[in-house]
Amino acid sequence: MTKEDNEQVQADSQKVKGRPFYHGIKRVFDFVASAIALVLLSPLFLFLAIKIHGEDGGPVFYSQIRIGKNEKPFRIYKFRSMVVNADQLKKKLLTQNEVEGAMFKMHDDPRVTKIGKFIRAHSLDELPQLWNVLKGDMSLIGPRPPLPDEVAEYDDWDKQRLLVKPGCSGLWQATSRNEADFKGMVLLDIEYINKSSLLFDLKLILMTIKVIIHPNGIYEKINKQ
């Protein structure tokens, strides 16, 4: 990184730490909204659980360690959209990674189950992350939570995306520009951090709902597990 980049990283870090009111209100909104959503969506949770378990008899949920704000690890929860031994099979697929940088992305991933393709297309596999939001590990809006081995490849510039809580959705996740490579994703995350406000978060929530109802293929092209 250049001297200018280092100065920008330090400036962005101070900017994030200097907004206690915004982050406090955002936490209250996250807690209330996730609690209400978990109750209202419970019938959908039951329906998806039956479909997922019924396809191959495997577990309904999938959990994995991710890295959150200030590089703190936490366990993320999702509806299982891949075969049971997906993590082991990933090692054999690394040579087919379609994006450069600290992220794995593969079109037509063979590990995805039949029901998994459907729930990924509509981002329904992400719904259990509402529990992570309720607990405070995540926010409704924020950068995608990375894997530990991804963060191990980050430089200081990339680590700016870890200055805030990761989100169920965000600028990168909710726009067509998330077909960008890893560096493009980092730039979008930094753009979100710099522009973040309650109104911007609400806008991204509405954009996410639109994508869930009318998927445009974005989520089918991203390895989200």
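Protection proxy ranking for 25-35, 76-86, using the average of other Cβ atoms within 10 Å per residue and placing the highest first: 76-86, 25-35.
For the peptides 182-195, 40-53, 133-146, residues were scored by their other Cβ atoms within 10 Å and the scores averaged per peptide; the highest-first order is 133-146, 182-195, 40-53.
Bear in mind that the values in this text are calculations on the coordinates, not laboratory data. Worth saying up front: this structure is predicted, and the values here are computed from it rather than measured. Cβ sites come from the backbone with ideal geometry, for glycine too, and all protein chains shown count toward neighbours.
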